[in-house]
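Heads up, the thing below is written out as C-alpha cells.
Derivation of every value follows stated rules applied to the coordinates shown; laboratory data play no part. Note that the structure is predicted; figures quoted are calculated from it, not measured. We place every Cβ from the backbone using ideal geometry, glycine too, and count neighbours over all the protein chains shown.
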Amino acid sequence: MARTIRNFLAFVGLAACLLAALGAATYSKVTLVSQTTTPSGGCAPWQLGLNTTTGSVVPCIVSTWAPISNLYYVQGNPSASVALSGSNAVDLGLIQLPYAMAVSKIAVHVGTVDASTSDFYSWGMYTLAGAAVCHITAINLNLGAAGFSDQACIEGTVAVQPGEYIFAWSGNAQTAKLDISSLTNILFPLSSRTSSTTTTSGQLTASISIPSAGQTENTDCLHELMLH
C-alpha cells in the first residue's frame, strides 16, 4: 500500500511539472473531456479535461467528466480578454498546429458577450498568404454568459497540415471580447497584428491581407481556441 501511495504521489508530481513546463499556452493533441456529462466510468488520470465554464484545460481528475471522442487542437489558457482594435477591423493572432488533422469547426472563448442583435462577429484560420483555411459566418455573440462559441467552417471539413497559421477575427462592434493568454514578450512574426483588410458587418472573407513579415513583441496575439 505504501509503495502504491508513493507511486501515485510521484505521478502527481510529474504531472504538475509537465503542466508547469507547458506554461500559459498549451499545444497538445489530447482527448478532451467535458464536465457537462456524467459517464459511468469517468476518465483516465492522464487525460486532460476541458472546463467548459472557465475555458481552462486541466488534468482529468473528476469522475463525472466524460471523454469526448473527437480529437481537438487546443490553444491558450485564458488570463485576459481583448476587444477588436476597431469596428470592422481584422485583428490577427497566431495558430501553431503541430500535427495534421481534419478541421470542420473552430471555437473561441468569449470573455465578454455582446447583447446586441445588430452586432456581428466572425473568426477564422488563415494561411500566411491570407487564404482562408476555415472561417465562419458572422454571428451575434449574445451568449448570455462568457463561454465557448463553437462554429462550423464555411469551407466544410478541411484537411489541415501542421505549420504556422494566422487567426483572424472581426466584428462591426467592439463590445465582445475574446479570451487570450496574456503573456509578455510573445514574438509575433508579422509587422502588425491588424490586417489592412476591413469587413462589412463583421464578416470575414475567403482571403485577407497579411502584414509584411516582422518580429513584433505582442501581449494579445495568442487567442484561446479549439479546432476540431
Ranking 136, 189, 86 by how far each Cα lies towards the positive end of the charge dipole of region 80-227 (+1 on Lys and Arg Cβ, -1 on Asp and Glu Cβ), the top one is 136
Per the rule of 0.36 nm per residue minus the C-alpha distance, extending residue 96 to residue 174 adds in nm 25.5 nm
Taking 0.36 nm per residue of separation between residue 196 and residue 145 and subtracting their Cα-Cα distance, the length gained on full extension comes to 15.2 nm
Quick note, region 80-227: a/c under 1.5 would make it rounded; otherwise a/b > b/c is prolate and the rest oblate (a ≥ b ≥ c, C-alpha gyration tensor); here it is rounded
